[in-house]
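Beneath this line is the structure, given in structure tokens, with notes to follow.
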Amino acid sequence: MKIAIGADHAGYLVKEKIKNFLNSKDIEFTDYGTFKEESVDYPEFAFKVANAVANDDTVMGILICGTGIGMSITANKVKGIRAAVVNSIETAELSRLHNNANVLCLGARTIEPERIIEIVVTWMNTSYEGGRHEKRVNLISKLTGL
Ligand code: RB5
């Protein structure tokens, strides 16, 4: 698995923290920015990461903004993307098990900093369950064309 990661100014420091963790585990990633704490517009970064995921099955995305919400709204407009706002270990697990989420959206202002890495690890290590969820996940693309 390779990771495409991106953040706006609100998520920048959390992105750096996640990158340090990925480096420590030799997990390959591409950083799509932002590269500083100056105010930027989250759709730019969400769109880049979403396209990286949509164009390569081996890539999973991680996006961080203040709440994770703007990132998920944008990423979910890209065909093939299932972006989930996750704020706990439980939602990290369920977004993979049931929804086969391929982009993890985190809120730097809404998640306790000490939980972030645990949430990322849980999300990366949990596999899609398939089975009864397959029909529903397929229905998302069938109904929306995305
Ligand atoms: C930026 O202030 C904030 O609106 C953004 O990081 C994000 O939370 C949007 O969903």
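Taken together, the values in this text are just the output of simple stated rules run on the coordinates, not laboratory data. Every value quoted in this text rests on a predicted model; they were computed, and no experiment measured them. Don't worry about glycine lacking a Cβ; one is built from the backbone with ideal geometry, like all the others, and counts go over all protein chains shown.
With the requirement that a residue be away from the ligand (no atom under 15 Å from the Cβ) and either within 17 Å of residue 80 (Cβ to Cβ) or in contact with a helix residue (DSSP H, G or I) (Cβ under 8 Å, 6 or more places away or on another chain) (or both), what does segment 6-26 give you? Full working, then the answer.
The first filter runs over segment 6-26 and keeps only residues away from the ligand (no atom under 15 Å from the Cβ), leaving 16-26.
If the condition is that a residue be away from the ligand (no atom under 15 Å from the Cβ) and either within 17 Å of residue 80 (Cβ to Cβ) or in contact with a helix residue (DSSP H, G or I) (Cβ under 8 Å, 6 or more places away or on another chain) (or both), then 17, 18, 21 are the ones that fit.
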Subject >> Scope segment 60-76; condition more than 19 Å from residue 146 (Cβ to Cβ) and either acidic (Asp, Glu) or over 11 Å from the mean Cα position of the chain (by Cα) (or both); matching residues >> reply: 66, 67
**OP:** Could you check how many residues of segment 34-58 are loosely packed, with under 11 Cβ neighbours inside 10 Å and in contact with a strand residue (DSSP E or B) (Cβ under 9 Å, 6 or more places away or on another chain)?
**Re:** 1
**OP:** Have a look at 62, 73 and point out the one that is assigned to a helix (DSSP H, G or I), out of contact with any Phe, Trp or Tyr (no Cβ under 6 Å at 6 or more places or on another chain) and either near the ligand (Cβ under 9 Å from one of its atoms) or under 19 Å from residue 111 (Cα atoms) (or both).
**Re:** 73
**OP:** Provide a single number: the residues in segment 9-36 that are part of a loop (DSSP other than H, G, I, E, B) and either more than 17 Å from residue 67 (Cβ to Cβ) or touching a residue at least 60 places away in the same chain (Cβ under 8 Å) (or both).
**Re:** 10
